[in-house]
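Working notes, beginning with the structure itself.
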Amino acid sequence: MNWLNTAFILGAAFLAVFGQAAFGSARFLAGAQVDLLPPLMVYAALSSGLTTVTLLAVCAGLWFDSLSANPLGVTVLPLFAVGWVIFLKRELILRDQPFAQAVLGAAASVVAPALTLLLLLTMGSHPLFGWGTLWQLVVLCAGGALAAPVWFELFGWLQHALVHRGATESSFRPDREIRRGRRGALIGGYRGEVIDRARSKPRRPR
Amino acid sequence: MLKRSHYITLGLVVLLALVVLNLPGQTAARLKLALGSLFLPLFGLAGSTQQVVGAAADAILPRRELVKQNAQLRQEEQRLRLQALQAAEIAGENARLRQLVGWRAQTPWKLKLAKVVLREPANWWRSIQIDLGSRDGLQVNLPVLTTEGLVGRVASVSLTRSQVVLLGDPNCKVAARVENETRDTGVISADGPLAAQLVRMDYLSRGAELKPAQRVFTSGEGGIFPKGIPIGQIVDVQPVDYGLRYEARVRLAANLNALEEVWVMFP
């Protein structure tokens, strides 16, 4: 099941990168293109292993940079940093709560591009950077907050539809069975312990 | 608690990122193209989807609208024919005068139409990808324009696709001239991350006579863009560096947000 989940996540990352490059209407409407990879990383870090997080950071980062003017590999580290931190703290996170998912998606969508920008500036590149970047981060934050619960819902639905689920264990326990018969009822028996109610009852005087 | 495997994974990813970031330019470009070619099936899918949508839109367009558009196009064609006749006359006169004075004749523009297939996914660059590549004769630094004006230049070329950096990207600087009496020159560069239609014209001299709505063209200096391609119009002017020079904001003539088809100019 694990590899299938990883395949779903990588497939979604591939389509998300292409979608961001092919459909740029958000940029014209809001002034910034919403990044779907950090919310996807939130999902991967909360629901999969470190291998999936690493694969997602490397593959999605390289795919993104191949369609962008970014230097190749610059998106890998920020994505991995976001996923790694969430993965390490995931026991403390209420991952099933949509509010927690939205907050993490928003935070990841701000931190990942900010780290990428920092890395670009450190490397000596001159990206478009100014007061307008703050507005772009706000748009990214809102987009990430919306996208994270959608990813969780989508993958939940996909797993429900495509992944085989093992039969659940019945709550019935044979050793707790109440037997009725001539020798009386067996109640509250545990691990072969037999309580014979009929015998324990005092006999009526005839 | 951090386990040993966590540290190993972190170290491996950091190492991989550092190796990829420090690859030689050509190797990185090839790797980028190879990774980008993974998206080729999706390019085809998106293209055919657009065609189907376009065909469906054409099919439902009413006949009355088509007749109206046809009449408009006929009128425009006649007007353009007249303009072309006039332009041919002027070009002939220009060539004769150049010959008389002994100036070198201007070579006509050779253009090739390209479709925009992808836009920049990152918010801190401005670029597009077009469906012409090295097999179509494209090279780095060829100018790209629309019928309205200059768009940018070719930044990298693969076999079937090319990346074009747009005006307003920090990697696209253009030598420009203002259409005024003093013919002031400056350099077009990026203005900011939000305004896609505005660029900055820098290094204008202190004596420049600049006014809003004056037109800006390429100056031909710099060797990449030929002279006379329209860039846009001046919006406002302000002194910088304690009034030592001027800086103008220029509204681009070409709408960079709505690019679907562009022309690549060949030398």
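Give the residue list of trypsin sites (Lys or Arg not before Pro) in segment B:88-117 that are DSSP loop and have at most 12 other beta-carbon atoms within 10 angstrom. Intermediate results must be reported in sequence, preceding the final value.
Details: sites: B:R96, B:R98, B:R104, B:K110, B:K112, B:K115; in loops: B:R104.
Those that pass, being in a loop and sparsely packed, are B:R104.
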- Query: Using bins 5 angstrom wide from zero, how does P(r) for chain B break down, in % of all Cα pairs?
  - Reply: 1, 5, 9, 11, 13, 13, 13, 12, 9, 6, 4, 2, 1, 1, 0, 0, 0, 0
- Note on the structure: Here the membrane-span-like helices of chain B, with no claim about any membrane, defined by DSSP H, Cα axial extent at least 27 Å and mean Kyte-Doolittle at least -1.0, are B:40-60, B:63-101
- Task: Could you state how much accessible area A:R176 has, in square angstrom rounded to the nearest 10, with a 1.4 Å probe and all protein chains kept in place?
- Result: 140 Å²
- Message: If you filter segment B:206-267 for trypsin sites (Lys or Arg not before Pro), then keep DSSP loop positions with at most 14 other Cβ within 10 Å, what is left?
- Response: B:R206, B:K227
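For A:F99 and B:E181, what does the FRET efficiency come to when R0 = 56 Å and r is the distance between their Cβ atoms, rounded to the nearest 0.05? Write down the numbers at each step before the final one.
On the way: r = 64 Å, r/R0 = 1.14.
That gives a FRET efficiency of 0.30.
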- Accessible surface of B:I90 in the full protein assembly, 1.4 angstrom probe, to the nearest 10 Å²? 100 Å²
- Note on the structure: Expected vector for segment A:15-22, Karplus 3J(HN,Hα) from phi with 6.51, -1.76, 1.60 and θ = phi - 60°, integer Hz, x for Gly and Pro, equals 5, 5, 4, 5, x, 5, 7, 7
- Message: How far apart, in nanometres, would the label points at A:M123 and B:K3 be if each is projected 7 angstrom from Cα along the Cα-to-Cβ direction?
- Response: 3.2 nm
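Out of the total accessible area of segment A:3-162 (probe 1.4 Å, heavy atoms of protein only), what percent is carbon and sulfur?
Values: 4970 of 6600 Å².
That share works out to 75 percent.
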- Query: Cα to Cα, under 16 Å, and not fewer than 8 places away if on the same chain: which lysines meet these conditions relative to A:K89?
  - Reply: B:K3
- With every protein chain present, what accessible area does A:Y43 have (1.4 Å probe, heavy atoms only), rounded to the nearest 10 Å²? 10 Å²
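Holding the Cα-Cα limit at 23 Å, pick out from B:K32/B:K110; B:K112/B:K227; B:K173/B:K227 the pairs that are longer than that. Don't jump to the answer; show the numbers that get you there.
Numbers: B:K32/B:K110 30 Å; B:K112/B:K227 19 Å; B:K173/B:K227 15 Å.
Checking Cα-Cα distances, B:K32/B:K110 exceed 23 Å.
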- Using only the Cα atoms of the protein assembly as shown, construct the convex hull and provide its projected area averaged over every direction, in square nanometres to one decimal. 39.5 nm²
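The values are calculated or read from the model by the stated rules, or taken from the named source; none is laboratory data. It should be emphasised that the depicted structure is a prediction, and the values quoted were computed from it without experimental measurement. No Cβ is skipped: glycine too gets one built from the backbone with ideal geometry, and neighbour counts run over all protein chains shown. Remember, those area values only see protein heavy atoms, side chains included, never the ligands or the DNA or RNA. Shrake-Rupley method; radii C 1.70, N 1.55, O 1.52, S 1.80 Å.
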